[in-house]
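Worksheet: the structure to be examined is printed underneath.
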Amino acid sequence: MQIIINGEKRTINDDTTIAGLLKELKIDSQRVAVELNMSIIDKADYSRTILKDSDKLEIVSFIGGGASWTIN
Amino acid sequence: MDDKLIIAGIEFKSRLWVGTGKYKNFEETKKAVEASGADVVTVAVRRVNITDRNKENLLDYIDPKKYKILPNTAGCYTAEDAIRTARLARTAGVSDMVKLEVIGDEKTLFPDNEALLEAAKVLVKEGFIVFPYTNDDPIMARKLQDIGCAAVMPLAAPIGSGLGIRNPYNIKIILETVKIPVVVDAGVGTASDAAIAMELGCDAVLMNTGIAGAKDPIKMAEAMKYAILAGRLAYKAGRMPMKLYASASSPLEGKIGG
């Protein structure tokens, strides 16, 4: 099935959880926030949230920045 | 000198707060942050690069256990976007602090005050410790105080401009208008600008380009550290009154040939 991660289409296996996806993408779950279809998912729910076809995910973390002008 | 800065129950070790944008690399960022003596470090919230996972993470260099990470909502042009970004930042981070920016215009990066106030109201209700980036308007500062912001962060000059404190009188009026801490945010170009902000009585200064944009950012970071300390000390000392004419500082009594 296909989902959209950070605006890009990606094919994943059925029954993939958020925790499983983060592991597959080699992303440290402690340092990110995940939004599923515009709702933020609690870290505690990553392992029990199963992704569905056409889900929209946003995975964000911190980058260097001071204010709007100064983003790397 | 017992001169602690406490905001929303949090003790801040330094009155210099620094951003982490515009540096050549993370190594330089780390060295500049260390040289500045800052313990508040601002960061932006952005999408993780899922195709290139070898990219280094800023937090490998700036230890969240050592520094207070202050996420910003830089690049947000609506209250909704800023609220969404703040919520994501809280989930990704370790604290409820957020430097709230709602930008009104790409060219000036001046804040959209109406949207800022709207976003601040929502976030304060959700338990965020809100540090709003605002213009140097005392009325706006009062409104932000009244809805429960932890501090106000008036700009000294446009973000990244390095023009210094463009309107010290407004900053002074803001200081007299609000009871919450005032942190000058944006516009500081060199050490004397930072000292002026502190001499006016501001509680802290947040800067990024003033350090990162210097030829030698690490040296400038150190210069800023001393400027903040000197400015604060001068404020506490209370400057002498200005006079139009000279007033001799050496006694005339005992002068030779008299």
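Checked against (1) under 26 Å from B:Ala234 (Cα atoms); (2) crowded, with 21+ Cβ neighbours inside 10 Å; (3) within 14 Å of chain A (Cβ to nearest Cβ), B:Leu109 passes all but condition (1).
Under the condition of being outside any loop (DSSP other than H, G, I, E, B) and away from chain A (no Cβ under 14 Å), which residue from the stretch B:205-219 is least open to solvent (accessible area, probe 1.4 Å)?
So the first thing to find is which residues in the stretch B:205-219 are outside any loop (DSSP other than H, G, I, E, B), and the list is B:205-207, B:209-212, B:217-219.
From what is left, the residues that are away from chain A (no Cβ under 14 Å) are B:218-219.
Numbers: B:Ile218: 57, B:Lys219: 140 Å².
Residue satisfying both the conditions and the ranking: B:Ile218.
Looking at B:Ile174, B:Ile196, B:Ile256, just one residue is aliphatic (A, V, I, L, M) and open to solvent by 90 Å² or more (accessible area, probe 1.4 Å), and that residue is B:Ile256. Each residue in the stretch A:43-65 was checked for being free of Cβ contacts under 8 Å to residues at least 12 places away in the same chain and either farther than 30 Å from B:Val40 by Cβ or facing chain B (nearest Cβ under 8 Å) (or both), and 3 of them qualify.
If a residue must be of a type outside the set (A, V, I, L, M), within 23 Å of B:Ile228 (Cα to Cα) and open to solvent by 10 Å² or more (accessible area, probe 1.4 Å), how many such residues does the stretch B:19-38 contain? Give the derivation first.
Of all residues in the stretch B:19-38, those of a type outside the set (A, V, I, L, M) come to B:19-31, B:34, B:36-37.
Now narrow it down to the ones that are within 23 Å of B:Ile228 (Cα to Cα): B:19-23, B:28-31, B:34, B:36-37.
Subset that is open to solvent by 10 Å² or more (accessible area, probe 1.4 Å): B:22-23, B:28, B:30-31, B:34, B:37.
Of the residues in that region, 7 qualify.
Give the residue, chosen from A:Ile12, A:Ile4, A:Ile50, A:Ile18, that is in contact with a helix residue (DSSP H, G or I) (Cβ under 6 Å, 6 or more places away or on another chain) and not hydroxyl-bearing (Ser, Thr, Tyr).
Details: A:Ile12 fails: in contact with a helix residue (DSSP H, G or I) (Cβ under 6 Å, 6 or more places away or on another chain); A:Ile4 fails: in contact with a helix residue (DSSP H, G or I) (Cβ under 6 Å, 6 or more places away or on another chain); A:Ile50 fails: in contact with a helix residue (DSSP H, G or I) (Cβ under 6 Å, 6 or more places away or on another chain).
After ruling out the rest, the residue left standing is A:Ile18.
Residues of the stretch B:110-118 include at least one that is assigned to a loop (DSSP other than H, G, I, E, B) and at pLDDT below 95. Collect the residues in the stretch A:21-37 that are over 13 Å from A:Leu57 (Cα atoms) and open to solvent by 30 Å² or more (accessible area, probe 1.4 Å), keeping them in residue-number order. Selection gives A:Lys23, A:Glu24, A:Lys26, A:Asp28, A:Ser29, A:Gln30, A:Arg31. Looking at the stretch B:52-73, can you tell me whether even one residue there is surrounded by fewer than 17 Cβ atoms within 10 Å (Cβ to Cβ), outside any helix (DSSP H, G or I) and facing chain A (nearest Cβ under 8 Å)? Within the stretch B:52-73, one or more residues are surrounded by fewer than 17 Cβ atoms within 10 Å (Cβ to Cβ), outside any helix (DSSP H, G or I) and facing chain A (nearest Cβ under 8 Å).
For B:Thr190, indicate whether it is closer than 24 Å to B:Glu28 by Cβ, among the hydroxyl-bearing types (Ser, Thr, Tyr) and open to solvent by 10 Å² or more (accessible area, probe 1.4 Å). Steps first, please.
Numbers: closer than 24 Å to B:Glu28 by Cβ: yes; among the hydroxyl-bearing types (Ser, Thr, Tyr): yes; open to solvent by 10 Å² or more (accessible area, probe 1.4 Å): yes.
So B:Thr190 fits the description; yes.
For the stretch B:118-143, which residues satisfy the criterion of being within 19 Å of the chain's Cα centre (by Cα) and either open to solvent by 20 Å² or more (accessible area, probe 1.4 Å) or over 22 Å from B:Val43 (Cα atoms) (or both)? Don't jump to the end; show me each part of the working.
Initial filter on the stretch B:118-143 (within 19 Å of the chain's Cα centre (by Cα)): B:120, B:128-138, B:140-142.
Residues satisfying the conditions are B:Ile129, B:Asn135, B:Asp136, B:Asp137, B:Pro138, B:Met140, B:Ala141, B:Arg142.
To keep it simple, each residue is scored yes or no on (1) over 30 Å from B:Ala191 (Cα atoms); (2) away from chain A (no Cβ under 11 Å); (3) not in a loop (DSSP other than H, G, I, E, B).
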| position | (1), (2), (3) |
| --- | --- |
| B:Tyr23 | no, no, no |
| B:Ala38 | no, yes, no |
| B:Arg84 | yes, no, yes |
| B:Val94 | yes, no, no |
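Checking every residue in the stretch B:148-161 against the condition of being at pLDDT below 95 and either assigned to a helix (DSSP H, G or I) or among the polar types (S, T, N, Q) (or both) gives at least one match.
Which residue is farthest from B:Lys4 (Cα to Cα), if the candidates are limited to the stretch B:193-204 and must be assigned to a helix (DSSP H, G or I) and touching a residue at least 60 places away in the same chain (Cβ under 8 Å)? Quick ask: steps written out before the conclusion?
At the first step, the residues of the stretch B:193-204 found to be assigned to a helix (DSSP H, G or I) are B:193-200.
Those left that are additionally touching a residue at least 60 places away in the same chain (Cβ under 8 Å): B:194, B:198.
Numbers: B:Ala194: 18, B:Met198: 14 Å.
Per the criteria, the residue is B:Ala194.
Can you confirm whether B:Val98 is open to solvent by less than 40 Å² (accessible area, probe 1.4 Å), more than 8 Å from chain A (Cβ to nearest Cβ), part of a strand (DSSP E or B) and in contact with a strand residue (DSSP E or B) (Cβ under 8 Å, 6 or more places away or on another chain)? When the stated conditions are applied, B:Val98 passes them. When B:Met224 is tested against (1) under 20 Å from B:Asp136 (Cα atoms); (2) open to solvent by less than 10 Å² (accessible area, probe 1.4 Å); (3) under 14 Å from the mean Cα position of the chain (by Cα), exactly one condition is not met: (1).
Checked against (1) of a type outside the set (Ser, Thr, Tyr); (2) without any contact (Cβ under 8 Å) to a residue 12 or more places away in the chain; (3) more than 7 Å from every other protein chain (Cβ to nearest Cβ), B:Arg90 meets all criteria but (2).
The values are calculated or read from the model by the stated rules, or taken from the named source; none is laboratory data. Fair warning: this is a prediction, and the values are worked out from it, not measured in the lab. So basically every Cβ, Gly included, is an ideal-geometry build from the backbone, and we count neighbours across all protein chains shown. These area figures cover heavy atoms from the full protein model, side chains too; ligands, DNA and RNA do not enter into them. Shrake-Rupley method; radii C 1.70, N 1.55, O 1.52, S 1.80 Å.
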